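The values are calculated or read from the model by the stated rules, or taken from the named source; none is laboratory data. None of the values given here were measured: they were computed from a predicted structure. FYI the Cβ positions are ideal-geometry reconstructions off the backbone, even for glycines, and counts take in every protein chain you see.
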Number of protein chains: 2
Amino acid sequence: MSSRIFSSRGSGARLARTFSKPASQQQEHTVSRAFFTSAPSSVQSASQTITRLALAISAGLAAGSLVTLIPGPSPQLCEPASTSEADKAQKRENGVTENSPMRLRMESMIRAKQQEIVEALEKVDGKRFVVDAWERPAGGGGTSCVLQNGNVFEKAGVNISVVYGKLPHKAILSMRAHHKSLNASVDSIDFFAAGLSMVLHPKNPMAPTVHLNYRYFETMNEDGTPSAWWFGGGTDLTPSYLFDEDAIHFHKTLKDACDRHDPTYYHRFKKWCDDYFYIKHRNESRGIGGIFFDDLDDKEPEQLLAFSTDCLNSFLPAYLPILSKRKDMPFTLEEKEWQQLRRGRYVEFNLIHDRGTAFGLNAPNPRVDSILMSLPLTASWQYMHSPKAGSREERLLEVLKNPRDWV
Amino acid sequence: MSSRIFSSRGSGARLARTFSKPASQQQEHTVSRAFFTSAPSSVQSASQTITRLALAISAGLAAGSLVTLIPGPSPQLCEPASTSEADKAQKRENGVTENSPMRLRMESMIRAKQQEIVEALEKVDGKRFVVDAWERPAGGGGTSCVLQNGNVFEKAGVNISVVYGKLPHKAILSMRAHHKSLNASVDSIDFFAAGLSMVLHPKNPMAPTVHLNYRYFETMNEDGTPSAWWFGGGTDLTPSYLFDEDAIHFHKTLKDACDRHDPTYYHRFKKWCDDYFYIKHRNESRGIGGIFFDDLDDKEPEQLLAFSTDCLNSFLPAYLPILSKRKDMPFTLEEKEWQQLRRGRYVEFNLIHDRGTAFGLNAPNPRVDSILMSLPLTASWQYMHSPKAGSREERLLEVLKNPRDWV
């Protein structure tokens, strides 16, 4: 049995649901997919592509915005088989413990968090995620969980990606700006990357879109020990209608998580988030921010794994109370149209400005559906749209043009 | 009176309609806007922004995809007042004749074609375009004509832009790849650019989206005579449902226009179009092509103006018969959804790959609404959507992945 089988909760289920195993119990060459009759026909028809998908994945990158951690030239994806094989053997024989390499601990942690988040979101929505799980033949793999046209979510994606690859010389030079320990005298370096990325677009225009991404990157010596390594990540909120109490609650929950690890983190990472998620050509932020960090190696890896775990643990408490208050609020057609225009801005940021998306799409044989999972199901562009003076829409724009401190 | 007033045809008109004068009769500092009660409320509310718009335009670029003609570093938009002033005086005193500088002849031609196209499209749709006309204080300006939520068109934009500016040294070096006559020993060169760009997104999924852009660029000596100059342009079709007879008619009409000027043009420009409008990360073309050319200076300017005029004249005969056959065809909800997914691909190309859009958005103080006028009113992204085997949707994808010769 190559994956854990969940018995379906829905009476309409035609296939048993599959979910990838925790990293400690994985087998290789898993490619599984399940769908449910409650899913829209467009999702069901996607199951026809399973063979093509498996082929594409075996040759390609399946990273989503995970790839923000690799700036500059594209990595090659020829596998450094020795390390990934050793990791696989260790997972099989010993499981993942506190003594395992950070690679395996991060992978194990994000797989557990993916499952927690997916299960919590399914309880809220009432519909199930479609799960695609795979491994790459020589190590690494991923799991995409996507829910489209749900009761609460227009589109929700929670993705894991794990990559073993080789960094070419140019990428090494580029990364040395932040990581002086990288050896620039070699032609290539083996690397490992693992990340969890998530975007939720609720249907109700009063309920905000939310995004998160937590990732770990390391380059490896020939014996599999890490040379350079770092953590990156962030969580940010994009409302169409701004409720100050929601913004305060969201930021406060993230700040509490940061403060448990470093008193400077929240302030620095809040600013970094405002700077990163900025739609330059519109002179406005994508949303009301949150936290964002990259190249983080200022503490022991153990401590930064704990910090990343804490950030991921803070997501459901930061977001679910907001969603719960907003998901069933009444709204007008005009408010839905405004949400669609804001979704258009989301598309603009992700396609024009997001470095992770650009990197992913430029990689050889990109898994485009995983990378563009972040895009909303629907979006709109109107010529010369401008909110009425004194309206809630105008107030949102004012805040997006002048980011605030919420806590 | 700073602009020609058209009496409104619609009984519900609240304001007289304004349309910019032909170049030969223009006055400076025109900023005019009209709207009609038949327009959707979102369009009407845009009229509130007229003051902000006028300010933005006076400082910015208003080019749309016109700007594909300026590769590399951004031009400065400080005005070379002498040439634009001289041009303005000449227009005022003598009008535009065959003896006028090519700048004025091109501007006059595209203004006339804009008006012809807008009037023809209004007859088809039954609704009126909203017209924004402006001049930049020291020369140049533009007219945006946009129709949203029409009877036939979901969104239609027909834009003129005229720019007098200064090319910085880096841009000169970049342009010298194609234009050896450019003087690379100077810090900057005065330039002129004028173009007409148009995108039509019909509502009916059986009716194809169409795009065109024709432009003229020149650099000027101190006495206002041209040093380097070239023409660029193209017309291309993007169906959601492919009717071979439409593709053949469209390409044949363009080929006839090309053949009247050079027997090699159609073949070369058809290939160039396929190469340019290619969505690399999807391994598919944006549409079924047409023609595309740039840096064209292989004949006398007189001949290339005639060629560009002929291409523009061929647009209505190439497109209207197709639109007429398709605009009222019955369609299913699934077919509308497929159109929305194809609109998503259109957005991907324009935001990720189109050099003109990128250039426009990176220019100082871009007029974003004019540049992104090309985006559809609505678009959609579904995770892992795949057409059914043997379906019309699958056949379209097959053609987009393997561009055909249609004539």
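Structure values in brief
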read-out: Complete set of residues in the range B:151-176 that are surrounded by fewer than 24 Cβ atoms within 10 Å (Cβ to Cβ) and within 14 Å of chain A (Cβ to nearest Cβ); value: B:154
read-out: Residue list for the range B:383-407, filter: among the hydrophobic types (A, V, I, L, M, F, W, C), touching a helix residue (DSSP H, G or I) at 6+ places or on another chain (Cβ under 6 Å) and crowded, with 17+ Cβ neighbours inside 10 Å; value: B:384, B:406
read-out: Meets criteria (surrounded by 20 or more Cβ atoms within 10 Å (Cβ to Cβ) and more than 10 Å from chain A (Cβ to nearest Cβ)) for residue B:318; value: yes
read-out: Breaking point among (1) at pLDDT 80 or above; (2) surrounded by fewer than 16 Cβ atoms within 10 Å (Cβ to Cβ), for residue B:141; value: (2)
read-out: Condition check for residue B:278: closer than 17 Å to residue B:405 by Cβ, surrounded by fewer than 23 Cβ atoms within 10 Å (Cβ to Cβ) and touching a Ser or Thr at 6+ places or on another chain (Cβ under 7 Å); value: yes
read-out: Subset tally (residues that are in a helix (DSSP H, G or I) and over 23 Å from residue A:374 (Cβ atoms)) for the range A:319-334; value: 5
read-out: Residue check for residue A:334: more than 26 Å from residue A:273 (Cβ to Cβ) and out of contact with any Pro (no Cβ under 7 Å at 6 or more places or on another chain); value: yes
read-out: Search result, residues across the range B:338-380 that are outside any loop (DSSP other than H, G, I, E, B), in contact with a Ser or Thr (Cβ under 9 Å, 6 or more places away or on another chain), facing chain A (nearest Cβ under 7 Å) and over 18 Å from residue A:372 (Cα atoms); value: B:369, B:372, B:373
read-out: Residue tally, condition touching a Leu at 6+ places or on another chain (Cβ under 8 Å) and over 25 Å from residue B:143 (Cβ atoms), over the range B:181-207; value: 4
read-out: Which numbered condition residue A:388 fails, given (1) in a helix (DSSP H, G or I); (2) facing chain B (nearest Cβ under 10 Å); (3) without any contact (Cβ under 8 Å) to a residue 24 or more places away in the chain; value: (1)
read-out: Evaluation of residue B:404 against (1) part of a loop (DSSP other than H, G, I, E, B); (2) within 12 Å of chain A (Cβ to nearest Cβ) (one fails), failing number; value: (2)
read-out: Unique match (being assigned to a loop (DSSP other than H, G, I, E, B) and of a type outside the set (A, V, I, L, M, F, W, C)) among A:298, A:256; value: A:298
